[in-house]
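Novice: This is the structure I want to talk about, given as C-alpha cells.
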Amino acid sequence: MDSELEHIIGHGPVHFIGIGGISMSGLAQILLHRGIAVTGSDWLESPAVDHLRTLGADICVPHCASIITGQTLVVHTAAIPADNPEMAEARRLGIPVMDRARFLGNLAEGYGNTVAVSGTHGKTTSTGMIATVMMTADLNPTIHIGGLLASIGGNTRLGGTDLFVMEACEYKNSFLQFHPNHALILNIEADHLDFFRDLDDVLAAFARYSRNVPLSGTLVLNLDDAGCRTLASRLDRPYTGFQLSVPDSVDGIRTGAEGPVYHAANLAYDHGYARFDACLADKCLARIVLAVPGRHNASNALGCFALCHQAGLGPDLIADGLALFTGTGRRFEYRGETDGVDIIDDYAHHPTEIAAT
C-alpha cells in the first residue's frame, strides 16, 4: 500500500459498496489480512459475503445509508450510481470516496513489482497461468484475479509485498489507474461499446495504458492479433512480442521500437491440449505441455512464457508452472455429466470467445 493510501485509510474501517463482487471481495480480503477493519454492503447475500463475514467484515444487505458511520474511506464499483444512499451519506459526512480501479491502482503501487494482464479476451486465464508460475517459483505473490483459481481457493491470494499479480481491465478506462512493472496485452478488439466509441477509441486507451509501463519494465504484445499489431505500430517505446507462428525475422529481433519476439515450434495437440517448444530467436528454450485445451490457450501460455522469461524466470521453471495450471472457474470448466451429456460451464460472451469455446 502506498503512503498516500495508507495515510487515508489508517486503521479503517474501509467501506466497500458492492463488496460481494469478484474484485471487491478480494480487495476487502487483502485489507482484512493486513488488520484493517472493513465494512460493506451488497444487493444480495452470497458465498463471498458469507466468507467475508467469517473474516470479520461487517456487511449489510441490501445497501443502507445507516452503515456509513465515519469510515476512513468508501470504495465503490463502476456500477454504483452517484445517487446510491451510501455514497450520498459518505459525501454528507465528508468521507473520501474512491472507485475500485483507483483503489486497486493505489494498492498495487505499494508492492515491489506489479504484473498486470490486459486484453479483450483471456485476462483471467492468463493471470491464472502467471500466478501459477510465480507460485511454482516460490515468489510468494499476492494475487488478485477476476475468477476462481482452485489452487488458491478463490480469487485472491494473500502473499508477500514484493510481487502483485492482477488483471487490468480496460472497461471505463480502469486500467489507466495502473502502472505495472510488467504488462501483458493479449488482444485488442471492439468491446465495451457502451463506453468506447469504436475500435480506434479502444486502441487509444491501450496506447495510453502502454505508456504507464516504465521503460525499465516489460511490455509484451501478441503479434498474432491485429489490434496488438496496430498498437505496436503506434508505440514509440520498446516492447516484447510473441506469436505462435515463426516471426518474419528469423533471429527473433526486429528493428525500431520492437524487441525480442517469442514463437512456438512443433505445435501439436493431444485431445485438444497443446504442446509446443517456446522459442526465442533460433533457440528453443523449453517444451510446454498444457492441461487446458485450445489454440487460444497455447497463445495465452506463450504470452505468459514471454513475460515471465523477460522478468527473469528460468525457462524450465516457467514450463513447470504452466503444466500445473488447470484453468479457472467458468472458463471451459467441466461441471459433470447427466444422462450421458457432459456439462461445460463457460463465461464466453463475445463472438471471438464463443468461437474459441
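Novice: Just subtract the alpha-carbon distance of residue 273 and residue 171 from 0.36 nm times their residue separation and send over the number in nm, one decimal.
Specialist: 33.6 nm
Novice: OK, next. Given a 1.4 Å probe and heavy atoms of the protein chains only, how would you sort 197, 275, 229, largest accessible area at the top?
Specialist: 197, 229, 275
Novice: Amide H of residue 163: which non-local residues (sequence gap of 5 or more, or other chain) have their own amide H closer than 5 Å, using H built in the peptide plane?
Specialist: Result for residue 163 returns 112, 113, 142.
Novice: Further question on the same structure: Can you give the Rg/Rh ratio of segment 85-146, where Rg is from the C-alpha atoms and Rh is the Kirkwood radius? Walk me through the numbers before you get to the answer.
Specialist: Values: Rg = 16.1 Å, Rh = 14.1 Å.
Reported Rg/Rh, Kirkwood definition of Rh: 1.14.
Novice: On to the next question. Using the Cα centre as the reference, give the magnitude of the dipole from point charges on the C-beta atoms of the chain (Lys, Arg: +1; Asp, Glu: -1; all else neutral), rounded to the nearest 20 debye.
Specialist: 580
Novice: Then there's this: Pairs of alpha-carbon atoms within less than 8 angstrom and 6+ residues apart define the contacts here; what relative contact order does segment 143-283 have, in percent? Let's see the in-between values first.
Specialist: On the way: 225 pairs, mean separation 21.1, N = 141.
Relative CO of segment 143-283 lands at 15 percent.
Novice: Give the Cα extents of segment 263-306 along the principal axes, in whole Å, largest first.
Specialist: Its Cα atoms span 28, 17, 12 Å along the three principal axes.
Novice: Taking the convex hull of the alpha carbon atoms in segment 1-53, what volume per residue do you get, in Å³?
Specialist: Dividing the Cα hull volume of segment 1-53 by its residue count gives 69 Å³.
Novice: Quick one: compute the contact order of segment 175-232, relative version, from alpha carbon pairs under 8 angstrom and 6+ residues apart, as a percent. Working shown, then result.
Specialist: Numbers: 72 pairs, mean separation 28.4, N = 58.
Once normalised by length, the contact order is 49 percent.
Novice: Normalising by the residue count of the chain, find the relative contact order in percent from Cα pairs under 8 Å and 6+ residues apart.
Specialist: With pairs under 8 Å counted, the relative contact order is 12 percent.
Novice: Follow-up. Taking segment 304-357, how much of its Cα-Cα pair set, in percent, is spaced more than 13 angstrom apart?
Specialist: Roughly 70 percent, rounded to a whole number.
Novice: Continuing with this model, one more query. Which FRET efficiency, nearest 0.05, do residue 346 and residue 282 yield, Cβ-Cβ r, R0 45 Å?
Specialist: Values: r = 38 Å, r/R0 = 0.84.
Computed FRET efficiency for residue 346 and residue 282 comes out at 0.75.
Novice: Could you work out how far helix 100-109 tilts from the main Cα principal axis of the chain, as a 0 to 90 degree angle to the nearest 10?
Specialist: It works out to around 70 degrees.
Novice: Give the Rg/Rh ratio for segment 35-91, taking Rg as the radius of gyration of the Cα atoms and Rh as the Kirkwood radius, to two decimals.
Specialist: Result for segment 35-91 is an Rg/Rh of 0.94.
Novice: OK, next. Using the Cα centre as the reference, give the magnitude of the dipole from point charges on the C-beta atoms of segment 216-357 (Lys, Arg: +1; Asp, Glu: -1; all else neutral), rounded to the nearest 20 debye.
Specialist: Working: 11 positive and 18 negative charges, 86 e Å.
Computed about the Cα centre, the dipole is about 420 debye.
Novice: Which residue, 61, 292, 117, tops the fluctuation ranking in a GNM of the chain built on C-alpha contacts under 10 Å?
Specialist: Highest fluctuation of the listed residues: 61.
Novice: Turning to a different aspect of this structure: Only sites in a loop by DSSP and with at most 15 other Cβ atoms within 10 Å count here; which chymotrypsin sites (Phe, Trp or Tyr not before Pro) in segment 179-225 make the cut?
Specialist: In loop regions of segment 179-225 (DSSP not H, G, I, E or B), the sparsely surrounded chymotrypsin sites (Phe, Trp or Tyr not before Pro) are 195.
Novice: With every atom except the alpha carbons ignored, what do you get for Rg and Dmax of segment 141-270, in angstroms?
Specialist: Gyration radius and largest Cα-Cα distance of segment 141-270: 16.2, 44 Å.
Novice: Calculate, axis by axis, the spread of Cα positions in the chain along the three principal axes, and write the results as whole Å, longest axis first.
Specialist: 64, 56, 41
Novice: Which number comes out as Rg/Rh for segment 1-138 once both Rg and the Kirkwood Rh are worked out on C-alpha atoms?
Specialist: 0.98
Novice: Taking N as the number of residues in segment 201-334, what is its Cα Rg relative to 2.2 N^0.38 Å?
Specialist: That ratio works out to 1.06.
Novice: Normalised by the empirical 2.2 N^0.38 Å for globular proteins, what value does the Cα Rg of segment 55-124 take?
Specialist: This ratio for segment 55-124 stands at 1.36.
The values are calculated or read from the model by the stated rules, or taken from the named source; none is laboratory data. Predicted model, so just to flag it, every value in this text is computed and none were measured. For neighbour counting, all protein chains shown are included, and Cβ atoms are generated from backbone atoms with ideal geometry for every residue, glycine included. Keep in mind that these areas ignore ligands, DNA and RNA; they rest on the heavy atoms of the full protein, side chains included. Shrake-Rupley method; radii C 1.70, N 1.55, O 1.52, S 1.80 Å.
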